[in-house]
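A.B. asks: Below: one structure in structure tokens.
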Amino acid sequence: MAHKNKKLTAMAAVLGAVVALAGATSSVAHQTTGESFPHVHGEKRQIVGQRFVPTIWVDPDGCEHWVMDDGWEGYMTPKLNRQGIPTCRGRTANVCGVMASDTLFATDSYHLSKNARWQLKRFFMSNNATAFIIRGHTDSRASDAYNMRLSQNRANAVARVAQHAGARIAGVEGFGERQPVATNSTHAGMAKNRRVEILCVN
């Protein structure tokens, strides 16, 4: 009888292990669905993927792109050269405005002054370009990562003014210190490098 009880106890242990394993396998299988599922210990987890927003944008060469909500991207302008590269004839993007950052922002800041917002709004309202591309630049002081962040934030601030003025924004980019137009070894050169460029897409 004792031998039989031991056998039943062993079988119950094996059955419990199988049930636990089945529960663990089930919980792992649900990870691919993106839905909440019960974990072995009773907690809930959710797999979250990247969300794409359908949009249309114009690159600096004037090519119009579409982006679907699943991340697929393509050209709206199917004009190609012999190498299969889009040429986008009829669309050009040229620098139509360069503003010194010192006249727009305080040092290490990306908040526009009231006067700067007024001047920018007047610029965008008086320009009849199809769209605009905003590019921020800094001098070489501080780290590369800091300068990239600052230039992007400054470009975003100018782009917001443009949108409030009814302008279409085709792109907003921050280049930090990576595209200098003058030497960074002098104060005058650094002042030239601290700038916001506006490209007009026609």
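A.B. asks: Which percentage, to the nearest 5, of the DSSP beta bridges contained in segment 92-201 is antiparallel?
C.D. replies: Values: 14 of 19 bridges.
Expressed as a percentage, antiparallel bridges in segment 92-201 total about 75.
A.B. asks: Here is a follow-up. Show the residues, 5+ positions off or on another chain, whose built amide H is closer than 5 Å to the amide H of Cys96.
C.D. replies: Ile198, Leu199, Cys200
A.B. asks: Can you pull the Rg over Rh of segment 92-201, Cα-only, Kirkwood? Could you put the intermediate results ahead of the total?
C.D. replies: Working: Rg = 13.2 Å, Rh = 13.7 Å.
Ratio of gyration radius to Kirkwood radius: 0.96.
A.B. asks: Quick check: residue separation of Asp108 and Ser185 times 0.36 nm, minus the Cα distance between them. What number comes out in nm?
C.D. replies: On the way: separation 77, 0.36 × 77 = 27.72 nm, distance 1.89 nm.
Using 0.36 nm per residue and subtracting the Cα-Cα distance, I get 25.8 nm.
Computed from the coordinates by the stated procedures, all read-outs in this text should not be read as laboratory data. Since the model is a prediction, treat every value here as computed from it, not as a measurement.
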